[in-house]
Amino acid sequence: MAELTTIARPYAKAAFEVALKDGSLPAWSDMLGLMASVANQATVRAVLTDPALSSSQTAQALIDVCGDGLQDKGQNFVRLLADNKRLQLLSEISQLFEILKAEQEKSVDVEITTAFEISSEIAARLASALGSRLQREINLDTTVDRQLIGGAIIRAGDTVIDSSVRGKLSKLAESISA
């Protein structure tokens, strides 16, 4: 996985720089998401990895399937990836692009999983507190997991704060058995 990310990083950075220069971050985000989604389909993946097809044929196949979802620069990006035998990296490229885009926009996606539904007022207060702590705009997504018993799990990028009852019980069990 780390190797794929290392190989994908220069392509994601290049796409990001082009999108930033053109002022088209949302469009590139959509295009890369579409390309990654299409390339992950089993039938498309079989075509993209078919050794009997040339790089221009595999690129054109992906472009045709994506249809009007790809602008000219997106199509050129697909051709570049095909020429370098890197179409299988589209998922990683898309993920890395989204990270770069979030850094540029000074935003972060935060997922809060709670044992019970939280009100919009509490969600807003959590978003405000996290925003001031992380110094970023917060894109909040809340989910309910009744197995947590109580408390919450907060995921913001690489940061995970587990203050759930289930998590605390697991830590207690680990310390007792150690």
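Modelling each spin label as a point 7 Å along the Cα-to-Cβ direction, I'd like the Ala14/Ala129 distance in nm, to one decimal.
4.5 nm
On a 0 to 90° scale, report how tilted helix 90-104 is relative to the longest principal axis of the chain, with both axes built from alpha carbons and the result rounded to the nearest 10.
Here the helix axis deviates by roughly 60 degrees.
If you wrap a convex hull around the Cα atoms of the range 1-82, how much volume per residue is inside, in Å³?
On the way: hull volume 7.8 nm³, N = 82.
With only Cα atoms used, the range 1-82 gives 95 Å³ per residue.
Answer with a single label: of [x] 52, 34, 33; [y] 59, 40, 26; [z] 45, 35, 30, which was calculated as Cα extents along the principal axes in Å from the structure in view?
Read-out taken from this structure: [y].
Which residue, Val110, Val165, Val38, has the most motion in a Gaussian network model of the chain that connects Cα atoms within less than 10 Å?
Of the options given, Val165 has the highest mean-square fluctuation.
Cα axis of helix 120-134 to longest principal axis of the chain: angle in degrees, 0 to 90, nearest 10?
70 degrees
Taking the Cα centre of each part, how many Å lie between the range 126-178 and the range 24-95?
Computed from Cα coordinates, the inter-centre distance equals 36 Å.
Please list 45-52, 84-91 highest first by mean number of surrounding beta-carbon atoms within 10 Å per residue.
Going by the mean number of other Cβ atoms within 10 Å, highest first, we get 84-91, 45-52.
List the lysines whose Cα lies under 21 Å from the Cα of Lys101, skipping any in the same chain that are fewer than 8 positions away.
Within the straight-line cut-off, Lys101 pairs with Lys13, Lys21, Lys73.
Just need the relative contact order of the chain here, percent rounded to a whole number, with Cα pairs under 8 Å and 6+ apart.
Rounded, it is 20 percent for the chain.
Roughly how tilted is helix 55-66, in degrees to the nearest 10 and between 0 and 90, from the longest Cα axis of the chain?
60 degrees
Among Ser107, Ser54, rank each residue by its count of other Cβ atoms within 10 Å, from fewest to most, as a rough exposure measure. Present the calculation step by step, with values, prior to reporting the outcome.
Working: Ser107 15, Ser54 12.
With the fewest neighbours first, Ser107, Ser54 line up as Ser54, Ser107.
Which of Ser128, Ser164, Ser107 sits closest to the plus end of the dipole of the chain, meaning its Cα is farthest towards the positive end, when Lys and Arg get +1 and Asp and Glu get -1 on the C-beta?
My answer, from the dipole projection, is Ser164.
I want to verify a result. In a Gaussian network model of the chain, Cα cutoff 10 Å, which of these has the top mean-square fluctuation: Glu121, Glu103, Glu92?
Glu121
What aspartates and glutamates does Lys171 reach when the alpha-carbon gap must be under 16 Å and sequence neighbours fewer than 8 apart in one chain are set aside?
Leaving aside aspartates and glutamates fewer than 8 places away in the same chain, those within reach of Lys171 are Asp162.
Charges at C-beta only: +1 for Lys and Arg, -1 for Asp and Glu. How large is the resulting dipole of the chain about its Cα centre, in Debye rounded to 20?
400 debye
In nm, what is the difference between 0.36 nm times the number of residues separating Lys85 and Thr5 and their Cα-Cα distance?
The Lys85-Thr5 span can extend by a further 27.3 nm.
Bear in mind these aren't lab numbers, they're just calculated from the coordinates by the rules spelled out. The structure presented is a predicted model; accordingly, all values stated were derived computationally and were not measured. FYI the Cβ positions are ideal-geometry reconstructions off the backbone, even for glycines, and counts take in every protein chain you see.
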